[in-house]
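The values are calculated or read from the model by the stated rules, or taken from the named source; none is laboratory data. Quick caveat: nothing in here was measured; it's all calculated off a predicted structure. Note: ideal-geometry Cβ built from the backbone for every residue, glycine included; neighbour counts use all protein chains shown.
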Amino acid sequence: MKVNKAVFPAAGLGTRFLPITKAIPKEMLPLVDKPLIQYGVEECIESGIHDIIIVTGRGKTAIEDHFDRSIELETVLEEKGKYDLLRAIKKISNLTNFSYTRQKESLGLGHAILCARNLISGEPFAVVLGDDIIDSKVPVMKQMINVYKTYRYTVLAVQRVKREEVSRYGIIQGKEIDKGFYKVEDLIEKPEPDEAPSNLAIIGRYILTPRIFDFLNVAKPGKGGEIQITDAIKALLSKQPVYALEFEGNRYDCGNKLEFLKAQITFSLKNEDLREGLLKFIKELDLVRIYN
């Protein structure tokens, strides 16, 4: 079956970006002139996915408002003749089809995905973590769908990380069957460096078969007291093959302040309206004088 739907877990508390995320969903933090979550939505659309399911929680209504129409704003922009801005905001509300469901408790990524079960209808589906921004020529989800079309089983996006960073990720053990493409043999959630079977970390993109719900439905809390998707995929391995793809692209963990700043610079330099001015500003900075 074709991958038609993508789940965006967006109910987290965003504690790494407090205090701003006390009132603003982390998914709505701006990367240049768009919220983080919109980059993931556009990646899905460019990959042929047009049904977006967003799992929200308390205090997340700004996400729904962003992708909805704002009749009042449209009217004001039209009256003032600001047609470029009018087209831009209309484009957002017409991007694709959106559905929303609630995660009533913050019980982990696996639980957030389980909350979307009734909207999946027994189909394979994608999962996108909105704060993982990936700059690539070919959308990462499209790279993964191309693999899925051949193998028809779960596909994970993976990236090599520093050995001292493996305890922040789900880590795979796999057999390389093609360059950068692995058949997964085992997974461990946030292992200590000396326990990790590799440094191939699962990044915020998944294609999952509906069989995953059989294991999420009976999953018990793992590390951090949360229902971990990594544990469910590990259980799925006993029933179905699981594959992993080292994607092509540069990934920014925009839940991390430094990575978020790096993404701001990268995407600002890709913006024709900002590039020249930003480069000029960078060249004019006397960084040694300012920080010493």
Scope segment 63-88; condition loosely packed, with under 15 Cβ neighbours inside 10 Å and either closer than 21 Å to GLU27 by Cβ or small (Gly, Ala, Ser) (or both); matching residues: GLU64, ASP65, ASP68, ARG69, LEU73, GLY81, ALA88
Are any residues in segment 141-152 buried (at least 19 other Cβ atoms within 10 Å of the Cβ) and either polar (S, T, N, Q) or not in a helix (DSSP H, G or I) (or both), and if so, which ones? GLN143
Options LEU119, LEU129, LEU109, LEU77: the member that is touching a Leu at 6+ places or on another chain (Cβ under 9 Å), among the aliphatic types (A, V, I, L, M) and more than 28 Å from TYR182 (Cα to Cα): LEU77
List pairs: first residue in segment 246-265 and over 11 Å from LEU36 (Cα atoms) and without any contact (Cβ under 8 Å) to a residue 60 or more places away in the chain, second residue charged (D, E, K, R) and part of a strand (DSSP E or B) anywhere in the structure, Cβ distance under 6 angstrom, at least six positions apart or on different chains. GLU259/ASP253
Members of segment 182-209 found to be closer than 24 Å to ALA6 by Cα and in contact with a helix residue (DSSP H, G or I) (Cβ under 6 Å, 6 or more places away or on another chain), listed by number: LEU187, GLU189, ARG205, ILE207
Condition broken by PHE98, with the remaining ones in (1) loosely packed, with under 13 Cβ neighbours inside 10 Å; (2) in a strand (DSSP E or B) satisfied: (1)
Within segment 115-140, work out how many residues are surrounded by fewer than 23 Cβ atoms within 10 Å (Cβ to Cβ) and either free of Cβ contacts under 8 Å to residues at least 60 places away in the same chain or assigned to a helix (DSSP H, G or I) (or both). 5
Scan segment 153-176 and tell me whether some residue there is outside any loop (DSSP other than H, G, I, E, B), in contact with a helix residue (DSSP H, G or I) (Cβ under 9 Å, 6 or more places away or on another chain), modelled with pLDDT under 95 and within 13 Å of ARG251 (Cβ to Cβ). yes
Please go through segment 34-62 and pick out each residue that is loosely packed, with under 13 Cβ neighbours inside 10 Å and not in a helix (DSSP H, G or I). ARG58
Condition test on TYR83, is it more than 20 Å from HIS111 (Cβ to Cβ), of a type in the set (Phe, Trp, Tyr) and in contact (Cβ under 8 Å) with a residue 24 or more places away in the chain? no
Of the residues in segment 105-114, how many are part of a loop (DSSP other than H, G, I, E, B) and under 14 Å from ALA232 (Cβ atoms)? 2
Filter segment 192-202 for residues that are out of contact with any Lys or Arg (no Cβ under 9 Å at 6 or more places or on another chain) and surrounded by 17 or more Cβ atoms within 10 Å (Cβ to Cβ) and give the result. ILE202
Can you tell me which residue is modelled with the lowest pLDDT among those in segment 220-250 that are farther than 16 Å from VAL166 by Cβ and either touching a His at 6+ places or on another chain (Cβ under 8 Å) or among the acidic types (Asp, Glu) (or both)? GLU226
